[in-house]
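The values are calculated or read from the model by the stated rules, or taken from the named source; none is laboratory data. Just so you know, these numbers come straight off a predicted model, no measurement behind them. Positions of Cβ are backbone-derived with ideal geometry, glycine not excepted, and every protein chain shown enters the neighbour counts.
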Amino acid sequence: MYLRSDITRLKEDLTINAKLLGHELILKTRWGVFSPRAIDEGTLLFMKYLDINEHDKCLDLGCGYGPIGLAVAKSCKNGEVHMVDKDFVAIELSIINAKLNKINNAHAYLSDAFLNVNKKEYFDQVLSNVPAKVGREQLSIILYDAYDSLKPGGKITFVTINGLRDFVKNNFRSVFGNYKKLKQGQKYTISQATKVQ
């Protein structure tokens, strides 16, 4: 239990220095957002298997304070990244972190999954570190909306806990007609599907 004298310090933003996709990032975080003290294991594994083109238009779904989206934005300097989350604190931190790292091609905004994205056949990639508690119904909605938002030939890539691996595999196959396992670690699986042209 913390004392009242600790509360002022606990309200201060935390700082993470990270190297993601070969880019040095300074990330401000806060208690109450996902993984505030360090980049989580799933994201670190995810970063090793992402293939980003410099012209890609990407969507980071459930961006949190921005580690995936901002690293991807640095890798697609001639493209753009949309970063969405339903948590206003996460969006606030993503905007702060984009400015802090001088990243101008990343746009963070509030959206419950695709609700405020409003893009059809626009993105080259949809990326997400999917929360374990997302729920099967919500995940199904997300996959169909992702399909609609991707250009033909576009890819969706998820990192999930291993417990969701079979669900993601079956639903990628159902919605996209294909599935590719990029990596299965001890705790996390990276899954990908392509919107066939």
Do we have any residue at all in segment 57-69 that's more than 21 Å from residue 42 (Cα to Cα), in contact (Cβ under 8 Å) with a residue 12 or more places away in the chain and more than 15 Å from the chain's Cα centre (by Cα)?
-> no
Note on segment 91-107: residues without any contact (Cβ under 8 Å) to a residue 60 or more places away in the chain and crowded, with 24+ Cβ neighbours inside 10 Å are 94, 106
Practice task
Return yes or no: is residue 197 surrounded by fewer than 20 Cβ atoms within 10 Å (Cβ to Cβ) and in contact with a Gly (Cβ under 9 Å, 6 or more places away or on another chain)?
Solution key: yes
Exactly one of 72, 84 is part of a helix (DSSP H, G or I) and buried (at least 24 other Cβ atoms within 10 Å of the Cβ), and that residue is 72
Check your understanding: Quick one: would you say residue 165 is out of contact with any helix residue (DSSP H, G or I) (no Cβ under 6 Å at 6 or more places or on another chain), at pLDDT 95 or above, part of a helix (DSSP H, G or I) and not aromatic (Phe, Trp, Tyr)?
Key -> no
Scanning segment 1-39 residue by residue, the ones that are modelled with pLDDT of 95 or more, of a type outside the set (Gly, Ala, Ser), under 16 Å from the mean Cα position of the chain (by Cα) and part of a loop (DSSP other than H, G, I, E, B) total 2
The correct count of residues that are assigned to a strand (DSSP E or B) and either farther than 23 Å from residue 65 by Cα or not aromatic (Phe, Trp, Tyr) (or both) in segment 117-162 is 17
Of 114, 176, 172, the only residue that is more than 19 Å from residue 62 (Cα to Cα), surrounded by 14 or more Cβ atoms within 10 Å (Cβ to Cβ), out of contact with any Gly (no Cβ under 9 Å at 6 or more places or on another chain) and aromatic (Phe, Trp, Tyr) is 176
